[in-house]
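The values are calculated or read from the model by the stated rules, or taken from the named source; none is laboratory data. What you are looking at is a predicted structure, and each value in this text was computed from that prediction instead of being measured. Cβ coordinates were reconstructed from backbone atoms using ideal geometry, including for glycine residues, and neighbour counts include every protein chain displayed. Keep in mind that these areas ignore ligands, DNA and RNA; they rest on the heavy atoms of the full protein, side chains included. Shrake-Rupley method; radii C 1.70, N 1.55, O 1.52, S 1.80 Å.
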Amino acid sequence: MPEIQLDLDIDGMTCSACQSFVEKTLRSQPGVSQASVNLMLNRATVRFDPALVSAAQLRQAVEDTGYGATLPSPRQSVLAAEEQRDARLQAEYLSLRRQALPTVALGFLLMAVMPFAGHNQPAWVWTQFLLATTVLLLPGRPFFARASAALLRRRADMNVLIALGASAAWLVSTASALFPHSFHSRGFLPQVYFEAVVFIIGLVLLGKMLEARAKRQTSLALRQLASLQPNTATILRNGQHIQIPTTDLAHGDQLIVRPGDRLPADGIVTSGQSAVDESLLTGESLPVEKAPGSRVFGGTTNHHGALVVTVDRLGAESALEQIIRLLRDAQTEKAPVQALADRLSAIFVPSVVALASLTALYWFFLGGADPLRAIVIAISVLVISCPCAMGLAVPAAILAATGHAARQGILIRGGPALERLAAATVVVLDKTGTITTGQPQLLSVSEPQHEILRLAASLESLSEHPLARAIVAAARDRGLPLLPVSRFLALPGIGVEGILEGRPYSLRAGSAPGAVDLFSASLLLGTLTLADSIKPDAPAAVAKLRSQGLRVLMLTGDSLSAALPIAQQAGIDQVIAGVKPDAKLAAIAELQSQGHIVVMVGDGLNDAPALEQADAGIAIATGAGIAIEAGDVALLRPGLDPVPDTIALARRAMRIIHQNLGWAFAYNLLGIPIAALGWLNPAWAAAAMAFSSLSVVTNSLRLR
C-alpha cells in the first residue's frame, strides 16, 4: 500500500523542545517514514504506511504526550482548513492579549507604588502576595499545567523553566513574608520578589502574544490566497440565474460571472469576452484577455465584460487549492540548517535546569550569598534561558520568504530548496519555452511574397505543427485567401505535401536554421524563414543573474546553429546544443561533478529529468499546470525575470536565518552567564527572553 501524507494541527507547543519532542514521538511510530513539526504553524506533517499505523493512532500518540492534535476533516478543503487556522491564530492572539496586557500593567504598577508603599511594609507585602498569587493561578495556570504534564512524561520544555522560575520566586517571597524573623535570626535579610513573579508571567505572555501576532503576519500569503474564493456563485440552471454556495458547485455547472466578480471555480469560457486580473495567483499585474475557449481560475477577478464559464475543476483539482497546498507544504519542510538547533533544543532545557541548580549551590556555598539571593540568581538563569528563539529562528524566516514569493507568483518548495538556491553557482536555461516564447513567428518570405506565403499556408492549413500554425497565422494576418488542399500528407521530420488547384506542392526543411522551402514537384519556388522569438525580459534577466555572480549557460535539444542566435540575443555566451532529455541530465551531472551547485530552469515537461538532477530545479508553469512535480520552484507568471528574483530572495532568506540562529545562540551564550553572575533581576530576565523571541520573528518579517 502506498504511503500517504497527513497534516495534524498541534496544540500546546511553546518552544523548540516541544517541537522536537512531538517530532520524535511521531517518528517513533511504526510505519512512519517522515515527520516534520513546524512551531510557527503549530502543524505536523507525517508520511506513513496506512497498513502499519492509522491517522487516529498518530493523533493518539501525540495526545498521549500531553499535546493536543486535530485530524483534518476528510471533506474539508485546504481553503477551509487555512481559514480555520487563521481563526485559531486570531483567537489565540486575542486571548493572550487579554491576559498579557493587564498582567504587565500590574507589574509596572507594583514597581511604581513600591517607593511610596515601602518594600517590606506588611500591608504592602500581603497586597503583593494576593496579586502575585492571583496571577499565578489565573494567567499563569497554563504554564504550570503544561509543565506538570511534561514532567510526568519525563521531558522538559519552556513551560518547565517558566513554572520553576515563577514558583521559586513566589515560594521565596512567601517564605520571607511568613517567617521574616526566622530569616533575621539566621543573619539573612528577608526579601520579597512578588513583582518579579508578576513580570515573569506577564512578560512571557506578552512575548507569546506578539509571537502569535507575528505568526499571522508571516502566513499573510496563505490568508490572502484562502480569502480569494467567494462564498457564493451564480449559475445558469433551467434558464434561471440561481445563487448557490460555492461548496455546492458541480462539474459542468454554467457560471455567470459579472464585471467585478471573483470567479468561484476553475473552468472554460463558453461565451463573453473580458479581461481577468490573475495577479494574486500569478504575480502578473496586467489583466489577461479572455474569450470563448480561454481557461479561467477560481479566485481571480473579472474586469469589464460578463462571462459564462463551464466549471471543470473543483476542490483539490483547482489552481487556487493546488497553490495553497504547495505553499503550505513548503512552509512545513525544514531547512538543513535547522538540524543544529533541533539537536541542541533536545538537551537544552535539562542542561539549563542543571546549570541553574549549580549556580544556586555556587552562590550559597562559595559566593557567600544568602539562600534567598542564591535562589533568585538561579531563577534569573531559568527564565532567561527559554529556548523559544531557537525554535522560531528558521521556520519564521521560511514562512516569511515563501509567503512573499507566493505573492509574486513564485512557489518555493520549502527550506531545503531555499538553501540550495542560495548556494547556487551555475544557472542552466532551457531554450524553447524558457528563453523563448515557444511560438515560432514568420520572419521573411522570398519573392513573390504573397504568392509564396499563400501557397505555403494553404498547404499547411491541415497541419498541427507549430511552424504550420505560424505560417497560416501570418497569411491570415495579411488577409490572403487560402486554397483548398487535397491528398494532404504529413511526413514526420521532413515536411508536408498535397495538391493545390490540381498541382503537387510540398514544403521541406531548408538548409538554414528555421528555413522552409516550397516546391512544385521538384522545382524550388521560394523559401520562408521562421524563428522562435525571445522573451522580452530574457536579456535583462540573464544580466541580473550574471550580476549576482552566477555563471549562465543554455542547454537545448536544438542544433547549435539554431541556438546561437537566441543565446546571443539573451546575452549568453556558453551553449550546450543538440542534447536530448537524457543527455541534458548528463550535462547537469557533469557540472555538478566539477563542484558547481546547479540551478536548472525549464518548462517542466521534457526538462523534467534535468530539473530533478539539478541541485535546484525551477519549473516555468502555467495556471493550468501549476501542480508541477519536477523542480523545487514553480513560476506561475511568464518570463524569466522571476528567476534572479527567486535566487536573490533565497540568499536574503539564508542571511536572515543565519542572523536569527546567531542571535538565538548568542543571546543564550551571553544572557545565561550574565544571569549566573547575579547581574540580572528575574523580571528583566523575563523581558530579555520575550525580546529574544520577538526579535527573531521581527527580523524574519523583513523578508515580506
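Name the strands (runs of 3 or more DSSP E) wholly within segment 260-344 that hold at least 2 residues that are open to solvent by less than 40 Å² (accessible area, probe 1.4 Å), aliphatic (A, V, I, L, M) and modelled with pLDDT of 75 or more?
Once the strands (runs of 3 or more DSSP E) in segment 260-344 are filtered for at least 2 residues that are open to solvent by less than 40 Å² (accessible area, probe 1.4 Å), aliphatic (A, V, I, L, M) and modelled with pLDDT of 75 or more, what remains is 274-277, 307-313.
Which residues, taken from segment 178-194, are in a helix (DSSP H, G or I) and either open to solvent by 60 Å² or more (accessible area, probe 1.4 Å) or at pLDDT 85 or above (or both)?
Hits for segment 178-194 are 178, 181, 184, 185, 194.
Can you tell me which residue in segment 495-513 is most open to solvent (accessible area, probe 1.4 Å), limited to those that are small (Gly, Ala, Ser) and over 26 Å from residue 481 (Cβ atoms)?
First, the residues of segment 495-513 that are small (Gly, Ala, Ser): 495, 498, 502, 506, 509-512.
Filter once more, so that each one left must be over 26 Å from residue 481 (Cβ atoms): 509, 511-512.
Working: 509: 75, 511: 127, 512: 52 Å².
Among residues in segment 495-513 that are small (Gly, Ala, Ser) and over 26 Å from residue 481 (Cβ atoms), the one most open to solvent (accessible area, probe 1.4 Å) is 511.
If only one of 162, 201 is open to solvent by less than 10 Å² (accessible area, probe 1.4 Å), of a type outside the set (S, T, N, Q) and at pLDDT below 85, which one is it?
162
I need the full set of residues from segment 529-540 which are outside any loop (DSSP other than H, G, I, E, B) and at pLDDT 90 or above, in order please. Talk me through it step by step, then tell me what you get.
To start, the set of residues in segment 529-540 that are outside any loop (DSSP other than H, G, I, E, B) comprises 529-534, 538-540.
Listed by number, the residues that qualify are 538, 539, 540.
On the given criteria, is residue 125 β-branched (Val, Ile, Thr) and either free of Cβ contacts under 8 Å to residues at least 24 places away in the same chain or open to solvent by 80 Å² or more (accessible area, probe 1.4 Å) (or both)?
No; evaluated as a whole, the condition is false for this residue.
A quick yes/no check of all residues on (1) buried (at least 19 other Cβ atoms within 10 Å of the Cβ); (2) in contact with a Gly (Cβ under 6 Å, 6 or more places away or on another chain); (3) touching a residue at least 40 places away in the same chain (Cβ under 8 Å):
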residue: 40; (1), (2), (3): yes, no, yes
residue: 58; (1), (2), (3): yes, no, yes
residue: 85; (1), (2), (3): yes, no, yes
residue: 90; (1), (2), (3): no, no, yes
residue: 104; (1), (2), (3): yes, yes, yes
residue: 109; (1), (2), (3): no, no, no
residue: 113; (1), (2), (3): no, no, no
residue: 117; (1), (2), (3): no, no, no
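State all residues of segment 146-185 that are charged (D, E, K, R) and in contact (Cβ under 8 Å) with a residue 12 or more places away in the chain; if no residue qualifies, say none.
Selection gives 146, 153, 155, 157.
Residue 152: surrounded by fewer than 20 Cβ atoms within 10 Å (Cβ to Cβ), over 35 Å from the mean Cα position of the chain (by Cα) and under 30 Å from residue 24 (Cβ atoms), yes or no?
It is true that residue 152 is surrounded by fewer than 20 Cβ atoms within 10 Å (Cβ to Cβ), over 35 Å from the mean Cα position of the chain (by Cα) and under 30 Å from residue 24 (Cβ atoms).
Please indicate, with yes or no, whether at least one residue in segment 128-148 is open to solvent by less than 20 Å² (accessible area, probe 1.4 Å), closer than 27 Å to residue 676 by Cα and polar (S, T, N, Q).
Within segment 128-148, one or more residues are open to solvent by less than 20 Å² (accessible area, probe 1.4 Å), closer than 27 Å to residue 676 by Cα and polar (S, T, N, Q).
Which of the residues belonging to segment 27-75 are acidic (Asp, Glu) and in contact with a strand residue (DSSP E or B) (Cβ under 9 Å, 6 or more places away or on another chain)?
Within segment 27-75, 49, 63 meet the criteria.
Here is a list of conditions, (1) open to solvent by 10 Å² or more (accessible area, probe 1.4 Å); (2) under 30 Å from residue 361 (Cβ atoms); (3) modelled with pLDDT under 90, and residue 674 meets all of them except one; can you say which number that is?
(3)
Which of (1) open to solvent by less than 20 Å² (accessible area, probe 1.4 Å); (2) within 29 Å of residue 602 (Cβ to Cβ) does residue 520 not meet, given it meets every other one?
So the condition that residue 520 fails would be (2).
Each row is one residue, and each column tells you yes or no for (1) out of contact with any Leu (no Cβ under 6 Å at 6 or more places or on another chain); (2) acidic (Asp, Glu); (3) under 28 Å from residue 370 (Cα atoms).
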position	(1), (2), (3)
666	yes, no, no
678	yes, no, yes
681	yes, no, yes
687	no, no, yes
690	no, no, no
694	no, no, no
700	yes, no, no
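So if I check each of 73, 33, which one is more than 25 Å from residue 350 (Cα to Cα), of a type in the set (Ser, Thr, Tyr), open to solvent by 50 Å² or more (accessible area, probe 1.4 Å) and at pLDDT 85 or above?
None of the others qualify; the one that does is 33.
Do we have any residue at all in segment 648-663 that's farther than 15 Å from residue 403 by Cα, modelled with pLDDT of 85 or more, open to solvent by 10 Å² or more (accessible area, probe 1.4 Å) and part of a loop (DSSP other than H, G, I, E, B)?
Checking segment 648-663: not a single residue is farther than 15 Å from residue 403 by Cα, modelled with pLDDT of 85 or more, open to solvent by 10 Å² or more (accessible area, probe 1.4 Å) and part of a loop (DSSP other than H, G, I, E, B).
Mind listing whichever residues of segment 219-235 are at pLDDT below 70, assigned to a helix (DSSP H, G or I) and either open to solvent by less than 10 Å² (accessible area, probe 1.4 Å) or farther than 22 Å from residue 397 by Cβ (or both)?
The answer is 221, 222.
Among the residues that make up segment 543-558, is at least one of them without any contact (Cβ under 8 Å) to a residue 12 or more places away in the chain and more than 27 Å from the chain's Cα centre (by Cα)?
Checking segment 543-558: not a single residue is without any contact (Cβ under 8 Å) to a residue 12 or more places away in the chain and more than 27 Å from the chain's Cα centre (by Cα).
Got a number for residues in segment 237-251 being open to solvent by 40 Å² or more (accessible area, probe 1.4 Å) and under 20 Å from residue 297 (Cβ atoms)?
The qualifying residues number 5.
Exactly one condition in (1) more than 22 Å from residue 81 (Cβ to Cβ); (2) modelled with pLDDT under 90; (3) within 24 Å of the chain's Cα centre (by Cα); (4) not β-branched (Val, Ile, Thr) is false for residue 38; which is it?
Against the list (1) more than 22 Å from residue 81 (Cβ to Cβ); (2) modelled with pLDDT under 90; (3) within 24 Å of the chain's Cα centre (by Cα); (4) not β-branched (Val, Ile, Thr), residue 38 comes up short only on (1).
Can you tell me which residue in segment 559-601 is most open to solvent (accessible area, probe 1.4 Å), limited to those that are in a helix (DSSP H, G or I), more than 16 Å from residue 429 (Cβ to Cβ) and in contact (Cβ under 8 Å) with a residue 12 or more places away in the chain?
582
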